[in-house]
Amino acid sequence: MEKQLKIAVIGAGGREHAIIRKLKDSPRAASVTAIPGNGGIAQDVPCAAIDITDIPAVVQYCKDAKIDYVVVTPDDPLALGMVDALKAAGIRAFGPVKSAARLEASKIFAKNLMQKYNIPTADYHTFTESQDALCYTREYFASGKEALVVKADGLALGKGVTICLSLQEAEAAIRAAMDEKLFGTSGERIVIEEYLTGPEVSVLSFCDGNTIVPMISCMDHKRARDNDEGPNTGGMGCIAPNPFYTPEIAEICMKTIFIPTVEAVRKEAAPFKGCLYFGLMLTAAGPKVIEYNCRFGDPEAQTALPLLEGDLLSIMLACTDGALDEGMARFKGGAAACVVAASEGYPASYKKGFRIDGIDAVRAAQNVEVYCAGVKQEGGALVSSGGRVLCVSACAPSLELALRDAYRAMENIHFENKYVRSDIGKRALAAGC
C-alpha cells in the first residue's frame, strides 16, 4: 500500500472545487486542504485563509501542516514562483516552475516562442508605446482589414484580451491597457494580432516535461451574453467533447502544436510539468494557437474532470515525477455540460451578498455536481461574493441530455441577481454533437 498523502490545493474558485472533489476520491489522499478556498469548498474540506500571492506564508503553512503535496492551480502564484519555493522547501508540487509559467505570464514570450519554433499561431506585432500601437492600428484598418485582437502582455484575470471589430474599439482597447493602466503593469506591453476565425477548442493536457497526454476536448463560452455577445468573461459555460475537434485534427495538433510546444518550453525555459492548456482556433488554414495557459481552465476543469475515470492524484504525481503514461488518463464516453451562474452585471459592476438556496437538493442527483466560486459563508448560509458565483456540471450519454440535466438543476438554485446564459452548447448541438 502506497503512502497516503496530505494534500493542499491552492486557489478559491470553481476550478479548485472540482479538483478537490476529484482528489478526495483518490485512495492515495489522506486529507485535502484548500488555500484559501471559499465558503462552498469549506463544506467539503478545511480551508486556510492565506493570501496565495504571499509565497513565504503559503510555504510556511505547508511546512507547519506537514503537507506532502501541493496542487498550484491559479496563474498568479505560478508566475510568482510558488512551485519553485515549495520545491526549495522540500515539498512536491503540481504545476510548472516560474520560468516555464512564462508561457502564460507573458504573451510576448509565448508569441516569440511560437514564431521561433514554427508553431502555428496568428500573425502579430508587439508594442511598448501606445502611440506606436495606435499608428499601426490605423494603418491596419486603412488597409481594408476588419478586425484585430489586442492583448495585454501580462496576467489580467482572464480579461486582458479584447476582440476589436472597428478602429474605434481598437484605439479604446490600446488606451485602456497602455495609458489608463486598466490592467496595471500587465498592460505596459501589448500584443496586437490578426483576428482568426473558425471554431474554438480548449484542450487541457497533463505533462511531465517530456510526455504530454491531452484530456477530452472542450468548448468554452467566454462572452457574457447569449449568442456570444457582450464582453469576454472568465467563462460562462462549457461542453465536452468539442464536436469540431475530430480525431484527424487531434493528430495534427499533437504533431504541429502539442509536442513542439513541450520541446520548445524545455529548450527555452524549463521542462513543463503540470497542466498545459491549449486555446486553439480551427481556421481554414488549419489549427492555430490562440493562447496558452499553464493550469486547468475554468470552467473547462469543471467539465472535463467529471468525465475522468483515472485517479487524478496518481496522474498529478506522475507529472511531477516525470513518469506520466498516456494510459493513466481515461475519460468516460458520453458528454458533459457546465453552466455558470453569475451575478447580473458581471464582468463589470455587480451586487453581491445574496443568500444562495437549493445547492444541497441539486447535489442529490447522481450525475450532477455543483462547484462553488464566488461564495462565502455568512451566518450559517452561503451567500454570493463574486462575479461568477457557482456552476452546475452534468454528465450524460449525450450532450443534449447533459445540457438538459445541467439547466434543470440550475433552475433549482436561487439567489438574487442570478444570471445564466441560456444557450450553452447550442452551437455544438447544431453541429450534430
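Of the listed pairs 22/87; 98/426; 24/116; 98/418, which have alpha-carbon separations greater than 31 Å here?
On the way: 22/87 24 Å; 98/426 38 Å; 24/116 42 Å; 98/418 37 Å.
Exceeds cut-off: 98/426; 24/116; 98/418.
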> Using the alpha-carbon centroid of each, what span in Å lies between the stretch 366-416 and the stretch 179-239?
Replying inline: 22
> Which value in nm describes the separation of the simple spin-label points at residue 267 and residue 404, placed 7 Å from the Cα toward the beta carbon?
Replying inline: 5.1
> Mind checking the dipole of the chain: about its Cα centre, +1 per Lys or Arg Cβ, -1 per Asp or Glu Cβ, Debye to the nearest 20?
Replying inline: 620
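Any chance you could run the full-extension gain for residue 330 through residue 89? It's 0.36 nm times the residue separation minus the Cα-Cα distance, nm to one decimal.
Extra length from residue 330 to residue 89 when fully extended: 83.5 nm.
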> What FRET efficiency comes out for the pair residue 44/residue 116, r = Cβ-Cβ distance, R0 = 41 Å, nearest 0.05?
Replying inline: 0.40
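If I require 27 Å or longer along the helix axis, counting alpha carbons, and a Kyte-Doolittle average no lower than 0.5, what helices from the chain are left? Use full DSSP H segments. Write out the running numbers ahead of the final one.
Working: long enough: none.
Passing helices, by number: none.
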> In the neighborhood of residue 368, defined by Cβ-to-Cβ distances under 9 Å, what is the net charge if each Lys or Arg adds +1 and each Asp or Glu adds -1?
Replying inline: 0
> For residue 286, what charge total do you get from the other residues with a beta carbon under 13 Å from its beta carbon, if Lys and Arg give +1 and Asp and Glu give -1?
Replying inline: 0
> What residue among 108, 124, 264 has its Cα farthest toward the positive end of the dipole of the chain, where the charges are +1 on Lys, Arg and -1 on Asp, Glu, each on the Cβ?
Replying inline: 264
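The numbers here are math on the coordinates, done by the rules we state, and not lab data. These numbers were taken from a predicted model, which means no experiment stands behind them. A quick note on method: Cβ atoms are made from the backbone with ideal geometry, for glycine too, and the neighbour counts reach across all protein chains shown.
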